[in-house]
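Notes follow once the structure below has been shown.
The values are calculated or read from the model by the stated rules, or taken from the named source; none is laboratory data. Worth saying up front: this structure is predicted, and the values here are computed from it rather than measured. Here the Cβ is made from the backbone with ideal geometry for all residues, glycine too, and neighbour counts use every protein chain on show. Areas reflect the complete protein model, heavy atoms only, side chains present, ligands, DNA and RNA absent. Shrake-Rupley method; radii C 1.70, N 1.55, O 1.52, S 1.80 Å.
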Amino acid sequence: MAKDIVVSNSEAKFILDTLRVNQRLDGRQFTDFRDVTITFGKEYGDVMVTLGETKVHCRISCEVAQPYEDRPFEGLFLISTESTPMAGAQFENGNNIGEDEVLISRIIEKSVRRSGALDIEGLCIVAGAKCWAIRASVHFLNGDGGFIDASCIAVMAGLMHFKKPDITVEGNNVIVHPIEEREPVPLGILHVPICVTFSFFNPQDSEENIKGENNSEIVIIDATLKEELMRDGVLTVTLNKNREVVQVSKAGGLPMDALTLMDCCHKAYGITEKITDQIMEAIKEDYKTRDKYAAMLSSENAR
């Protein structure tokens, strides 16, 4: 981070006052997720995700590499993040090792690789010698809060849209065929994890270890940049469409009880289901535009 964004005392008081009366600056309800726009580029795995005013670009690439010695039957999945001053004044030019960037990389890596969303074993070519290395390069283009959620959507949309070149194995030799020569092969996606971030506010300035009906803490979904600067706690829940909780990330802040966590998971599931359907529909529409003659050559019928 180059410098912190400072919120004036009057603006901070106004934001908290609006939250106390169940209002937000952009007119959303506490449980509303900002509109998501998914746009694919010319190449497979090139995706742009817009979450409100937040813009994230993700590029999926692959290359033949050597697997780890302790995991000879698995491929590699790598994530890199890059932020520039174009994303906001708080980002320093060329600095990609800030706390926020590291946190985003770790959360997405846990969501995708450790949860088994990407079939890592399907990336193995020759056991212990050759495998596919899949890299997700995430670029922050504009920052207005919700980088974790937008980055997760971009990475999953990119992985589902990406197709790797077909190969021929002759002993230990691997021949990679160009896309013009053979039809590329899609990646094995077993489920689609989606991150939903909750922000906690404490208007009374006093922590409550025992929650109850009279709890005055405020919980909102998908906070903007100014709301993120004012929050007292943060919780990121990752779920898939199968109602499976992939991970729960809470980096400090206000204490939380089990009932609050369960309530957040229930609220996040509706958002997860909607975004997953949107990703699938966007990929389907993009494939239709790429192959105009697929419907004519397909043997699919109404059954």
Report summary line: Expected output for the range 45-66 (first residue acidic (Asp, Glu), partner surrounded by fewer than 20 Cβ atoms within 10 Å (Cβ to Cβ), Cβ below 6 Å, 6+ apart or cross-chain) is Asp46/Arg59; Glu63/Ala133
Requested in this report: Please name all residue pairs, on different chains or six or more residues apart, with Cβ atoms under 7 Å, provided the first residue is in the range 241-256 and is at positive phi and the second residue is assigned to a strand (DSSP E or B).
Outcome: Gly253/Phe200; Gly253/Gly233; Gly253/Val234
Requested in this report: Answer yes or no: is there a residue in the range 225-248 that is modelled with pLDDT of 90 or more, of a type in the set (Gly, Ala, Ser) and closer than 25 Å to Ile153 by Cβ.
Outcome: no
Requested in this report: Could you tell me whether Phe77 is modelled with pLDDT of 90 or more and surrounded by 14 or more Cβ atoms within 10 Å (Cβ to Cβ)?
Outcome: yes
Query raised in the report: If you take the residues of the range 30-72 that are open to solvent by 40 Å² or more (accessible area, probe 1.4 Å) and aliphatic (A, V, I, L, M), which of them is nearest to Gly146 (Cα to Cα)?
Result: Met48
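Give me a count of the residues in the range 104-122 that are under 12 Å from the mean Cα position of the chain (by Cα), open to solvent by 20 Å² or more (accessible area, probe 1.4 Å) and not charged (D, E, K, R). I'd like the intermediate steps shown before the answer.
Going residue by residue through the range 104-122, those that are under 12 Å from the mean Cα position of the chain (by Cα) are 104-112.
Checking which are open to solvent by 20 Å² or more (accessible area, probe 1.4 Å) leaves us with 105-106, 109-110.
If we keep only those that are not charged (D, E, K, R) as well, we get 105.
The qualifying residues number 1.
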Query - Single residue of the range 160-180 satisfying the filter (exposed (fewer than 13 other Cβ atoms within 10 Å of the Cβ), out of contact with any strand residue (DSSP E or B) (no Cβ under 7 Å at 6 or more places or on another chain) and not acidic (Asp, Glu)) that is modelled with the highest pLDDT - result: Pro178
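Against the definition (among the aliphatic types (A, V, I, L, M), in contact (Cβ under 8 Å) with a residue 24 or more places away in the chain, surrounded by 15 or more Cβ atoms within 10 Å (Cβ to Cβ) and out of contact with any strand residue (DSSP E or B) (no Cβ under 7 Å at 6 or more places or on another chain)), how does Ile5 come out, yes or no? Spell out the reasoning first.
Working: among the aliphatic types (A, V, I, L, M): yes; in contact (Cβ under 8 Å) with a residue 24 or more places away in the chain: yes; surrounded by 15 or more Cβ atoms within 10 Å (Cβ to Cβ): no; out of contact with any strand residue (DSSP E or B) (no Cβ under 7 Å at 6 or more places or on another chain): yes.
So Ile5 fails the test.
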Requested in this report: Take the residues in the range 136-159 that are open to solvent by less than 20 Å² (accessible area, probe 1.4 Å) and part of a loop (DSSP other than H, G, I, E, B), then tell me which one is modelled with the highest pLDDT.
Outcome: Gly146
Report task. Give the residues of the range 186-218 that are of a type in the set (A, V, I, L, M, F, W, C), modelled with pLDDT of 90 or more and either open to solvent by 20 Å² or more (accessible area, probe 1.4 Å) or not in a strand (DSSP E or B) (or both), sorted by residue number. Result -> Leu187, Ile189, Leu190, Val192
